[in-house]
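K.L.:
What follows is a single structure, and I will ask about it in a moment.
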Amino acid sequence: SLEATGTPIGGTDPRDPAAVGRELGAVLAALPVGPLGSVSAGLRDVRPQASRVTTGPPVTAALGSAEPMLGPSHQGSGAFDPAFVFVVLFPLVVIALSHDLLSGERERGTLALLLAQPLTQSQLVFGKAVARGLLLLAVSVVFAVLGVVLAGGDLASPSAWLLALGYVLGVSAYGAFWFALAIAVNSRAGSSARNALILIGVWLGLTVVVPGVLRVLVEWLHPPPSRVELVNEAREAAEETEEELGALVGQHGAPDAGAALVSAAARAVAGEAELARRTEPVVEAFRTQLEAQQAVVTSLQVASPAILLQELLNDVAGTGSRRQERFERQVDGFHRQWRASFAARAAAGGEDDRFTGPEYAQLPAFSFEEEPVADVFARLSWALLGMLLPALALLALALPGLRSVGRLS
């Protein structure tokens with residue numbers, strides 16, 4: 001064996017701290033999939049979900065994806081998932097069920113007959129809306145939860161059930177907004193066709209136009225840097241130390257390594273640390289720009305309930321910006337800790353600081369620390385308020401119109 005003969009096989013000595021930290025003991029730090037991860041693709045389409053941690057710089061993990069750099073407002077348009085179904089298609093079902101709540105009775109000639117009963121026009125409209133809404137919600141919730149289970153979601157933990165509750169409440173609040181909008185439109189005493197046309201127009205505006213305008217605004221306020229320029233800048237920084245680093249690594253395979261190997265290992269690790277120091281600002285600028293874009297989206301998401309629901313479902317699925325940023329910051333910290341530990345070992349310069357076989361199993365492992373579910377639920381609560389308050393405002397605006405015909409309540 002190597003420990004018995006002292007002679008490495010091939011060009012890399014597995015006892016060398018520099019080789020272990022740079023390649024042989026590299027750790028894959030991955031963001032675990034949340035229990036409701038199938039609900040929304042979220043940032044999985046545009047941000048790295050795993051990073052290879054070595055003593056080298058984190059350039060590859062941050063910039064190596066083939067996907068173009070896109071703003072967070074793009075995150076809901078790239079995948080057909082339950083979030084897309086609820087954000088974009090679910091309102092169309094609500095419109096189909098509610099565009100003729102009052103106008104349909106009028107056009108069929110049954111409105112006068114119904115109002116001859118001890119029933120007001122407001123009670124008629126609200127009763128029909130609640131009955132249809134509860135039926136639609138029951139069907140939607142059953143299939144939504146069933147989809148999570150079939151996709152392998154783990155609902156055993158209490159936190160998973162809290163997220164599932166947020167999922168159901170978010171869809172319910174979104175449906176309540178669209179039913180409230182339909183009631184407000186019906187209160188204008190228009191025909192069913194006119195009501196449907198107005199509702200479709202509002203749906204198009206809130207689910208397509210407003211998010212599109214927000215995306216343009218985000219990229220205007222915080223234009224994304226060119227990925228090509230960032231990669232080139234990182235490569236230029238790398239080339240300044242790459243030749244020296246390659247020369248040092250080449251010394252590690254000599255049979256008579258001894259103290260020379262330890263000295264070369266220390267210099268190699270120091271060279272990699274310098275390379276990381278030069279490239280970290282490039283990666284940080286890339287990430288800061290994305291975070292600035294997401295901050296604008298967060299502050300303006302109340303402009304559309306569709307954006308509110310998309311952000312809510314991303315949080316529920318664990319694919320939102322907060323969890324992604326938390327993961328990347330933790331990977332940065334682990335990366336620095338990894339480099340520091342190997343630099344200290346390589347700099348010690350003794351035979352006892354060279355790696356042995358059992359020590360490979362004792363290398364540090366990355367463990368992602370989840371955000372407290374209470375903090376997630378607090379964000380969900382604000383999103384729910386952002387959908388329910390406009391719904392209540394629409395109902396308040398509709399009441400005078402609903403009371404203008406029929407018995408007063």
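K.L.:
Which distance in nm do the two modelled labels at Ser191 and Leu217 give, with both placed 7 Å along the Cα-to-Cβ direction?
P.N.:
It works out to 3.6 nm between the two label points.
K.L.:
Residue by residue, what Karplus-based ³J(HN,Hα) values in Hz, rounded to whole numbers, does segment 187-204 have, using 6.51, -1.76 and 1.60 with θ = phi - 60° and x for Gly and Pro?
P.N.:
5, 7, 6, x, 6, 4, 5, 5, 4, 4, 5, 5, 5, 5, x, 5, 4, 4
K.L.:
Starting from the 7 Å offset along Cα-to-Cβ, what nm value, one decimal, do you get for the label separation of Arg326 and Leu300?
P.N.:
My value for the distance between the label points is 2.7 nm.
K.L.:
Would you grab the residues whose amide H sits under 5 Å from the one on Val27? Only those 5+ places off in sequence or on another chain, please, with H modelled 1.01 Å from N.
P.N.:
Under 5 Å from the amide H of Val27: Val53.
K.L.:
Under 5 Å between amide hydrogens, which residues at least 5 positions from Arg188 or on another chain qualify, with H placed 1.01 Å from N in the peptide plane?
P.N.:
For Arg188, no residues qualify.
K.L.:
Explain nothing, just compute: Karplus ³J(HN,Hα) = 6.51 cos²θ - 1.76 cosθ + 1.60, θ = phi - 60°, for every residue of segment 205-218 in order, whole Hz, x for Gly and Pro.
P.N.:
So the Karplus estimates, Gly and Pro as x, are x, 7, 9, 10, 5, 4, x, x, 5, 5, 4, 4, 4, 4 Hz.
K.L.:
A follow-up question, please. Of the peptides 178-184, 85-91, how do they stack up when ordered by the mean number of other Cβ atoms within 10 Å, highest first? Walk me through the numbers before you get to the answer.
P.N.:
Details: 178-184: 25.6, 85-91: 20.4.
My ranking of the peptides, most packed first, is 178-184, 85-91.
K.L.:
Kindly identify segment 86-236 as rounded, prolate or oblate by the Cα gyration tensor criterion: order the square roots of the eigenvalues as a ≥ b ≥ c, call it rounded if a/c is under 1.5, otherwise compare a/b with b/c, prolate if a/b is larger, else oblate.
P.N.:
Values: a/c = 3.85, a/b = 1.69, b/c = 2.28.
Because a/c hits 1.5 or more and a/b fails to exceed b/c, segment 86-236 counts as oblate.
Every read-out reported here was derived from the displayed coordinates using simple, explicitly stated rules and does not represent laboratory data. Fair warning: this is a prediction, and the values are worked out from it, not measured in the lab. For neighbour counting, all protein chains shown are included, and Cβ atoms are generated from backbone atoms with ideal geometry for every residue, glycine included.
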